[in-house]
Every structure is written in structure tokens, then in C-alpha cells.
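Each value in this text was obtained by applying a stated rule to the coordinates, not by laboratory testing. All values derive from a computational prediction rather than experimental measurement. Neighbour counts are summed over all protein chains in view; Cβ atoms, including those assigned to glycine, are modelled from backbone coordinates with ideal geometry.
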Amino acid sequence: DGERAVRVERDGKVAIVTIDRPAALNALSASVLGELEAAFLALADDVPAIRGVLLVGEGGRAFVAGADIRAMTSLSPEEAAALSRRGHRAAAAIEALPAPVIACVDGYALGGGLEMALACDLIYATDASTFGQPEVKLGLIPGFGGTVRLPRAVGLARAKELIYSGRRIGIDEALDSGLVARSFTDRAALLDGARATVELIATNSPTAVGTAKRVLVEAAGRPTEVASDIEVGAFEDAFRTEDMQEGVAAFLEKREPRFGGA
Ligand code: HXC
């Protein structure tokens, strides 16, 4: 390949990460996964100047049509495990960013593509979008976190049905199952809607939003007592922030808060 396939742009408080391999429907090769991980690790330095990230696919046909099937044909089982790890590391970098990431799906989000979307904080999509975990059709299973995050998003029974059948679902079922948070008529409306959500989030304390994300990510799948302890610890920390002092003072003084992010 050699070509870079992940592009990062800044638009005020919003960063846009674009997976740009439209000829392969933005399929995730090892190098694309490495670029994605690096992009999100680097973006962490720009928070709180940026308050949210949109993850999009180039070309208008697909968000991401999965892991790169062509590149997988030559892999040994050990190399396949390394590829799976790379996908998990990219997902971990998205989850570690201390600001919300919105997957903006316009078209196919299949296999590893759906798994990357699931690593984001929420999924917005156009009406023309299609979702699925078709790995079993290839003799594979989800390898970038689908068995972990899909049940959390849609419940165990629906996740099993999707993963065992490999069938694709459209926007109505994706909305109904809670996989997609909001739908839009077209790509422009999708991107505007996602930007508006970041702007809304940006009226709040960046520290508090970042901490809430960390707690949600760390608590996911943990036993209630462990998850509760994580929340209590983070709630305590919130009382050490200037943003908390400012937010509470602004409420009592009936004015808008001016959060400094400390
Ligand atoms: C590599 C892919 C690709 C993929 C599409 N392309 N998906 N290349 N990896 N996952 C390429 C096609 O080969 C084709 O290239 C071009 O993109 C356009 O795709 P078409 O198939 O011609 O388009 P269309 O007929 O419209 O069908 C669209 C589609 C289909 C339904 C999305 O492409 C499809 O089923 N793709 C595979 C989906 C899938 O099985 N994903 C899961 C992968 S496994 P050429 O050169 O012919 O124009 C996975 C595991 C994750 O994700 C974990 C790994 C560790």
C-alpha cells in the first residue's frame, strides 16, 4: 500500500477522522488499523481544545466493509492473532480518548467495520446504512471486539442472532435494537447532526465529560460492586476540580458556567 489511508482534520472543537480507502470500501488492513490507533492516540493531546471526534468512511458507499479480506488470505494463524490484536488496540485508543467519539455511518458497516463503530461512544447513521457481523460466512468469527461490544450494545440474544446468522440489518432494526442512536436522511444531515451533538457536549465541563467516558468504559462488563467503586472514586475526584466549583457556582449565581477544563 504505502499510501496513508487515515486522515485527520480539525473543524473548531470537532476533529474528523476519515478512513479513506474507498476502492476497497474502506476495508481495514493492518496498516490502516495502525494509522487509526496512532490518530486517536495523537488526538488525546488536543483535548480539551477538541471536544469530540467524528469517525467517518470516505466514498459514500461504506463506513467500513470489514477487515481486509484480500490481505487475510496470506496470514498464518499467529499473524491473524496479531491482526486481531491490532484491531483491539485501535478500539482501545478510541475508548481511551478523553472526549466522545461518534461513528458516522453512511453505507456498509460490516464485520470489523461494525466493530470499530461499536468502540465509539455512539453510532449515528444515514437511512441508507447496513450493519452486520458476516464473519461466519467466511469461516471466521468477529475479531475486533464484536463478541464483547455487540452484546453490550444490543443485548446477548440479538448479538448471538446477528453473529450466528451473519445477516445484515437495515436502519430500522439498527435503531430499534439500540445499535444506532439517531438516523439521518443523508450524509450532510448526518455530519451536521454529529457536529451539533459535539457542540452541545462542548457546553459542559470537558473534565466531567472525559471522566464520565472513562468510568463508562472501565465499568462496562464489570461486576456491580467493582463498577460502583470506580464511579465513587471518580465522583470523589470530580470534587477536586475547578470545573466542579465553577459549575455549581454558576448554577447558584444563575449564570452560564465558564469551564476551564481543570
Ligand atoms: C477487502 C473488500 C472488502 C473487504 C469490499 N471489498 N469489502 N476488500 N476486504 N472486507 C472490495 C471488493 O473486493 C471490491 O473490490 C470493492 O471493495 C467493492 O466491493 P463489491 O463487493 O464489488 O461491492 P458490492 O457488490 O456492492 O458489495 C458490497 C459488500 C461486499 C456487500 C459490502 O463488498 C461484501 O460483502 N464485502 C465483504 C463484507 C465482509 O464479509 N466483511 C467482514 C470481513 S471479516 P474490487 O477490486 O473487486 O473492485 C472481518 C473480520 C474482523 O471483518 C476481524 C479480523 C481479525
State whether one or more residues within region 151-163 are farther than 21 Å from A92 by Cα and either within 16 Å of the chain's Cα centre (by Cα) or crowded, with 22+ Cβ neighbours inside 10 Å (or both).
yes
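Among the candidates T130, T73, which residue alone is of a type in the set (S, T, N, Q), within 12 Å of the ligand (Cβ to nearest atom) and in contact with a Phe, Trp or Tyr (Cβ under 7 Å, 6 or more places away or on another chain)?
Among T130, T73, only T130 is of a type in the set (S, T, N, Q), within 12 Å of the ligand (Cβ to nearest atom) and in contact with a Phe, Trp or Tyr (Cβ under 7 Å, 6 or more places away or on another chain).
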Which one of R61, R21, R7 is surrounded by fewer than 17 Cβ atoms within 10 Å (Cβ to Cβ) and within 16 Å of the ligand (Cβ to nearest atom)?
R61
Quick test for you: out of L28, L41, pick the one residue that is in contact (Cβ under 8 Å) with a residue 40 or more places away in the chain and either crowded, with 17+ Cβ neighbours inside 10 Å or within 22 Å of F131 (Cβ to Cβ) (or both).
L28
Condition check: within 21 Å of I169 (Cβ to Cβ), part of a strand (DSSP E or B) and among the aromatic types (F, W, Y). Does F144 satisfy that?
no
For region 32-58, enumerate the residues that are away from the ligand (no atom under 13 Å from the Cβ) and within 17 Å of L110 (Cβ to Cβ).
L36, L55, V56
Among residues of region 1-30 being assigned to a strand (DSSP E or B) and charged (D, E, K, R), the residue farthest from H88 (Cα to Cα) is D11
Got a sec? Which of D237, D192 is in contact with a strand residue (DSSP E or B) (Cβ under 9 Å, 6 or more places away or on another chain) and either more than 16 Å from the ligand (Cβ to nearest atom) or over 26 Å from L28 (Cα atoms) (or both)?
D192
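Scan the helices (runs of 4 or more DSSP H) fully inside region 166-236 and keep the ones with 2 or more residues being under 27 Å from T130 (Cα atoms) and over 18 Å from the mean Cα position of the chain (by Cα).
So the answer is 171-176, 187-201.
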When you scan region 91-113, how many residues do you find that are within 16 Å of the ligand (Cβ to nearest atom), within 12 Å of L54 (Cα to Cα) and within 9 Å of the chain's Cα centre (by Cα)?
2
Could you check how many residues of region 212-230 are among the β-branched types (V, I, T) and in contact (Cβ under 8 Å) with a residue 40 or more places away in the chain?
1
Is it the case, given these coordinates, that E79 is within 13 Å of the ligand (Cβ to nearest atom) and without any contact (Cβ under 8 Å) to a residue 12 or more places away in the chain?
yes
